[in-house]
Amino acid sequence: MQTDTKILAHEFEYLTPNTLNEALDMLDRYQDKNAKILAGGTDLLVKMKTINLKPDYIINIKNIQEINFITYNDDGLKIGAVTSLSQVEKSKEVKAKYSALYEAIKSMAAIAVRNMGTIAGNLCNASPAADTAPPLIAYGAEVKLANKRGERAVPVEEFLTGPGKTVISSNELLTQLNIPVLDENTGSSFLKIGRVKADIAKINIAVYLERKNNVCKSCKIVFGSVAKTPIRVKGAEDILRGQQLTSDVLTKVAEKASEEIKPITDIRSTAEYRHEIAKVMVEKAVNLAWERAGD
Amino acid sequence: MKKAEIEFTVNGKKRTLFVKTNELLINVLRNDLNLTGTKYACGIGECGACTVLLEGRPVLSCLTLAVDVNGKNITTIEGISKDGFDPVQKSFLKNAAVQCGFCTPGMILMAKSLLKENPNPTEDEIRDYLRGNICRCTGYTQIIKAVKECANNHNQDK
Amino acid sequence: MENKQFIAISKRFDIKNVGKVTGKEIYASDVNIPGMMHAVVLRSPYPHAEIKSIDLTEAEKTGAICISRDDVPDLIYNERIVSIPDKTYKDRTVLPKDKVRHTGEAVAAVAADTEETAFKALEKIKVEYKKLPAVFDIDEAMKPDTSQLYSYVYLGDKKIDIENNIACVRNISVSDIDKGFEEADVIVEETFNVQRIYHMQLETKSTVCVPEADGGITIWTTTQGIHNVRILLGEIFNIPLHKINVKRITLGGSFGSSIQMNSITPICVALALKAKSPVKLVMPREDDIYDHASYPLRTKIKIGAKKDGTLTAGHCKVWVEIGAHNIQAYPYLGCIAGWFASLYKWINIKYEGKAVYTNKTPTCARRGYGSPQINFPVENAMDILAEKLGMDPIELRLKNYVGKGDEFWGQGPTIKSIIRSCGVEEMLVEGSKLIGWDKRIPPSEKTGDIRRGIGVARGFHTSGTGGPNPGEVIDYSGATVKINEDGSVDVVTALMDHGGGTWDVAAKVAAEVLKVPFDKVGIYNGVDTRTTVFDVNTHATRGVYCGCGAVKLAAEKVKKILLNYAATLFKDLPENLELVCNEELGQAVVYPKGLPEKYKTVGEIAKTAQIKSWGTIAYTSSLRQKNCPPCFITYFTEVEVNTKTGQIKIPRVIMMGDSGTIMNPELWKGQIIGAFSQGIGLGYIEEIPYDTNTGKLKCNGFITDFKVLTTTEMPKIDDIKVLPAHTYEPTGPFGAKGIGEAALSAVASSFGNAVYNAVGIRFYDLPITPEKMLKALKEKEEKKDKKE
């Protein structure tokens, strides 16, 4: 297959809705006609250049102000679909409260890409290595999917179904992301290993846990880049839940987590390495979240 | 395919152009406006050579549709100093932060943007901010030094 | 050492880089000609296939100009013509005539009004291939029953058969190797592999070609030498050289990738000639990755020494997997022998080199021309030897290095000269103090998850390929220096600058000879093969030593003319006159010795010469240097290994360089630090593996999966020290030698030795990825457990 990354050779109809309703109308109209949503461009245009993705319609939603926001209140954190990664990274609440998400965004690519890209795009691209997915799953975040007839909420954990696959229908738009208010005595962390700092993850992990009376009351441990989608290691979570954080418990958690993941060997790393390193990362990430949870 | 009319400001100058929807900003700048300081080096957002400022913030022109900048404000390397040299440009020269020069426009625009956001960055902050810009000649050290020196000078001015 | 007050040399200047910080510098890829067409190249999806047919009909219906094998000359050539014709292997045509030999090989090309329309036309070209078995591995390739890439090629004008995919062989012996090993008390024998990598020069290869009315062509292209491009295009297209003009233009990095004429250059020319229109061809990055790579090297090394550390023998067997074309494997094999022979006094040497074709991207020179590849085995083996001898690695090196008064092989066995300046001892001794070598402890005494280690390695490169006798490599330069009518100076040369400041140095040399302030010396683009005399190439770290040597010669001749004219004005003899720089006036001035107040400025003299019609004060030189002095380098690298993750960081490095007089201190440092980042990349991250099922690169040509170091992987500013040795090269312009390639030679070696010092594991194959490190650590633990 021949490519030319200097240009976009493929021609398409370019649509620029100014309101959400307009966008949903267009999606409805073109749902069977190979339409793609353009928000940041850092995934869509790359795919058009490198794997000859050839949409007939591109619906640029960047100008829709209704979905360009980030707010925080008693309901939690809400992020619009076209809000850039940089905007999220700069939010005081995200930095102060949602450490894992903050760290995940900080770990992504570089400034220019984060000025362009969005969390919604990162999720819809549905890479098993997507950096924002593990923290969002750990927090129990959900996405709002809208079409002309209404909207539905889907947990991020269920949203992603495989490499490049989500539950979104061709007439739906991911409009918003809802992350619940985090309980007292909770802490979260995100870690990632790449070949260089600005890289796609060889492996990444997010941990969110609640610590009470020096016991782990609840926890979620989510890995990326070790299976077809980001995955929770529920067996490891079970081991940790209800326990004090001793090195013995941590070792068991790590062993279990390493068993539960299903990594492959690819150009970025080996299955063997990912199994090994998963243990180190779980220990470090759980410790970090534990410290942050305080008591 | 029909061309669409776009009107945007480049380096302070209003420009009206007719472009196809699949034309990329980088090529419109380089081919139509002869602003060849914006460089192609990877085309997929992995190297930073095509960085321009969109509304003052760095973006990658190789992943930006030209139609998408309609009504917006673009600054390229050619537009960062009206007369003489910008302090960042001077510092790059002084610190030999330039070798082949192909990454230099992107690096300078990133440095400008960093210093605007954070006038006194630490060395680690500079390194982190520039991590998406590949330089194959310098090993980065003199580039980082050049930016750091601007930061310090900036403080002295205050 | 000569102690001299310079007016320009060793001082820092910025003016030649003004275009690069303002975006105004024009590179080949920036050249826009009104009405030009844009070209794209159709590339083979298969690593090895017979081309049954190529159908351009549908593509041409779009109005695009298309070329394929029938539209290009039949001439079989080699794109690199630095070697003499008798030693040049030729195996390619502009586009392949019968079969493709690697994925990404150009098959056809299209030009149209825009690149988008050209690409759409290209998608309509129909090529019918018959797939052939492909080989990717040298051992496989050399088996008699394996698929053959070539049945014959040409060596010079002689047709030679190719058997078992062996492109060429080179064996060299000095003294008696068997006797050498008999005398040895300790022997080290190991096999090392240094991987192929991609140059990742920032500017992808580019060419713009304008067909002229007289049947000639004008070219702007990414190249390290404009004259060789012209000569080759003349041969291929049968156009007399005076009708071909190649413009000298700034190069966006090269690192050896443009020593040869770029593969796309004749393609662009063929398109332009057919279209009768200017054509621009700028490679997409993914095409560029499939265009060229560095030579990998497998080395089986055996070295012997007496108990006291005196070396007695060195035996190297090397195999180089060259990919689908033999661009320069023969001189490469010679150079590796030379780098090997010139590192240490082996006394008895045996060298056996083989270059083998495979169905991968063709390999070509990359910074160091094999030196980093052979330095890694040698410098690792020296550390192994030191440990066996119970000797300090620095002491072993000091005892055996090739230094002042010894013979240096500057370009294989045919270009040699005597070393006249050498900072090796100073660098080893002073560097060891700076790094704290005496506090270095063996790996067995280290504990904890994070382990640090220090490694030393030394290397060098030649400065040019000149020598007392002509050899297999062409080496000479030329320059025109002229004093303008206001006393300012033009330096006109075909010499290329890769970004290391070669042009700055050329201007400085002219300023120094003519005592003209540096800002009154111009060295501008816009010159070309018509206005310059031959300069072989900016390669072999020859820019300063050879290229600027020619500038110095021209400037000295100009000085003579100037003083002759001045003598007429002063009614005196030239030898009674003094030429100095008058900084207050910002001019060079001439006065009769002892009478400085009677000065005349060079501007006045030049103006007088013009008014009185004496002629232009100018001279054109052509110079072959008679030596090839090594520029030495020594690295003390500290690593920090995380034994839990296998990741390696570089907390600190001391880099010592011996370039004789340093012409441009800041850029000199920059070149060394830049080489360090490339060398560490070679050490732990850079590689371009193939999927042998498809014959494609695993990265598919996209740099998403070809990583190089970024800002965050480099040590901090204060943890990098670059220091010069205090030497003076008596044969160099103002005492100067080179630096560019020397700087890379020993980086990965020092890294490997430091890793050993940190964790006690010797790695024989680069890169040392976290995956390999963790696996090796685990295996080491398991071995230890078994023992216990």
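Each reported figure results from applying straightforward, stated rules to the coordinates on display, with no laboratory input. As the structure is a computational prediction, the values presented were derived from the model and not from experiment. Every residue, glycine among them, receives a Cβ derived from its backbone with ideal geometry; neighbour counts consider all protein chains shown.
Summary table below
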read-out	value
Label-to-label distance, nm, for residues given as residue C:6 and residue C:114 (7 Å Cα→Cβ offset)	5.1
Options B:31, B:147, B:63, ranked by Cα towards positive dipole end of chain B, top entry (Cβ charges)	B:31
Average projection area in nm² (convex hull over Cα atoms of region C:167-267, one quarter of hull surface)	10.9
Under 10 Å, Cβ to Cβ, from residue C:741 - net charge with Lys/Arg +1 and Asp/Glu -1	+3
Charge tally in the Cβ shell below 9 Å around residue C:391, where Lys, Arg are +1 and Asp, Glu are -1, residue C:391 excluded	-2
Computed over the protein assembly as shown, Kirkwood Rh from alpha-carbon pairs, angstrom	32.1
Which of C:609, C:654, C:620, positive extreme of dipole for chain C (C-beta unit charges)	C:609
Largest-first ellipsoid semi-axes for region A:189-293, taking √(5λ) over the Cα gyration tensor eigenvalues, angstrom	24, 14, 11
Per-residue Cβ neighbour rank within 10 angstrom, fewest leading, C:157, C:497	C:157, C:497
Cα Rg, Dmax, chain C, angstrom units	27.3, 95
Value at 222 nm in deg cm²/dmol, rounded to 500, when DSSP H runs of n ≥ 4 in chain C each add -39,500 (n - 2.57)	-8500 deg cm²/dmol
Ranked packing of C:255-262, A:240-247, most packed first, by mean Cβ within 10 Å	C:255-262, A:240-247
Residues listed by number, region C:586-619, amide nitrogen under 15 Å from residue C:580 label point at 7 Å toward C-beta	C:586-602
Relative contact order, percent, region B:4-79 [alpha-carbon distance under 8 Å, six or more residues apart]	41
Cα centre as origin, Lys/Arg/Asp/Glu Cβ charges: the protein assembly as shown dipole, Debye	760
Estimated FRET transfer efficiency (residue A:218, residue C:450; beta-carbon r; R0 35 Å; 0.05)	0.60
Charge dipole of the protein assembly as shown about the Cα centre (unit charges at C-beta), most positive-ward option of A:133, C:160, A:21	C:160
Efficiency of FRET from Cβ geometry, residue C:395 and residue C:32, R₀ 60 Å, rounded to 0.05	0.50
Packing-based ranking, highest mean first, of A:267-279, C:162-174 given that Cβ atoms within 10 Å are counted	A:267-279, C:162-174
At least 27 Å along the helix axis (C-alpha) and Kyte average at least -1.0, DSSP helices within chain C	C:548-570, C:665-684
Average beta-carbon neighbours from other chains, 10 Å sphere, peptide A:52-65	1
Estimated inter-spin distance, residue C:86 and residue A:47, nm [label 7 Å along Cα→Cβ]	6.2
Expected-Rg normalisation [2.2 N^0.38 Å, Cα atoms] applied to region B:4-79	0.96
Inter-site label distance for residue C:158 and residue C:171 at 7 Å from Cα along Cβ, in nm	1.7
10 Å Cβ neighbours from other chains, averaged over peptide A:33-45	3
Reciprocal mean inverse distance between Cα atoms of region A:1-131 - Kirkwood radius, Å	15.9
Listed pairs C:16/C:707; A:62/A:144; A:95/A:279; C:515/C:598; A:62/A:97 exceeding 20 Å between Cα atoms	C:16/C:707; A:95/A:279; A:62/A:97
Magnitude of the charge dipole, region C:391-533, Cβ model with Lys/Arg +1 and Asp/Glu -1, debye to 20	480
Residue-count net charge about residue C:181 - beta-carbon cut-off 11 Å; Lys, Arg +1, Asp, Glu -1	-3
Partner chain coverage, peptide C:107-120 - average Cβ within 10 angstrom	3
Relative packing of peptides C:770-783, A:71-84, C:545-558, A:39-52 - highest average C-beta neighbours within 10 Å first	C:545-558, A:39-52, A:71-84, C:770-783
